[in-house]
1. Students often check this: by mean Cβ neighbours within 10 Å, which of 120-129, 166-175 ranks highest, and how do the rest follow?
2. Starting from the Cα-Cα distance between Asp122 and Lys191, subtract it from 0.36 nm times their residue separation and give me the gain in nm to one decimal.
3. So, by mean Cβ neighbours within 10 angstrom, what's the order for 135-147, 186-198 with the highest one leading?
4. Provide the FRET efficiency to the nearest 0.05 for the Thr201-Glu35 pair, computing r from the beta carbons and using R0 = 25 Å.
5. Output wanted: per-residue J couplings in Hz (rounded whole) for the range 143-148, from phi through Karplus 6.51 cos²θ - 1.76 cosθ + 1.60, θ = phi - 60°, x for Gly and Pro.
Amino acid sequence: MKTLKILGLFALLIICSSCVDILAHLFGYGSPDPESVTYNLGLSFQDASGNDLVKGIGLEGWSVGMPIEDDLYYLVKDSLYTLDIILSEPCKNWDNKIYNVPARPGFEPITNHPTLGMNIYDNGYCYLTSDFFRVPVNECPEEKILTYKLKCPYVFGDEAVHELVTYWDIPKKKILSSYYAKCYRIEFEGKEITPQLYIVTYTYPMTNPVTVQHETYVANIKL
């Protein structure tokens, strides 16, 4: 039973974005991650009649080897969109201001661009989610404005790149090595939208189930 508990703990660490920090904190070894900022955003797109334009988009599982119907988080198929996130201030030693998921030491990037997930919240609508994390504090100034350039014909019905400008506050308090930014305004095609904080609770099925909370700022956008 003790062995199962230890395995369950390490399974949680594998799926946690700050696993190196947690290992260092719990067991006193390894180098904690450098301080960084995380930006969590969820976007629902609807037509004038309120129809969900994200529903039915092609998905794939996030967890390697797990059937999509059993997964806890879904990724939008990579072929269905392109996404660039433009930083408001250039970062030291970076070639440009477009964040393209640079590899962490010892890790390879999953894709060459930020990924989109999909989640369904309490109102029943499907949301495109962007968990944009590990913007390093020591290399980048406080990035308080992020511009999302999204092309997604399934949602928008065209091949155009649509631009969302998002405004964030960076809190003083951090969790382990990360500051979790708070989105207070989104500008999209002449509209100004105030996002709402939504707390998603996940329970990971282990020998001793572990429940974690994930804060996302969500917005409903009419096209």
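The numbers here are math on the coordinates, done by the rules we state, and not lab data. None of the values given here were measured: they were computed from a predicted structure. Cβ: placed from backbone, ideal geometry, glycine included. Neighbour counts: every protein chain shown.
1. 120-129, 166-175
2. Here the answer is 22.4 nm.
3. By packing density, highest mean first, the sequence is 135-147, 186-198.
4. Step by step, r from the Cβ atoms, then E = 0.45.
5. 8, 9, 10, 10, 10, 9
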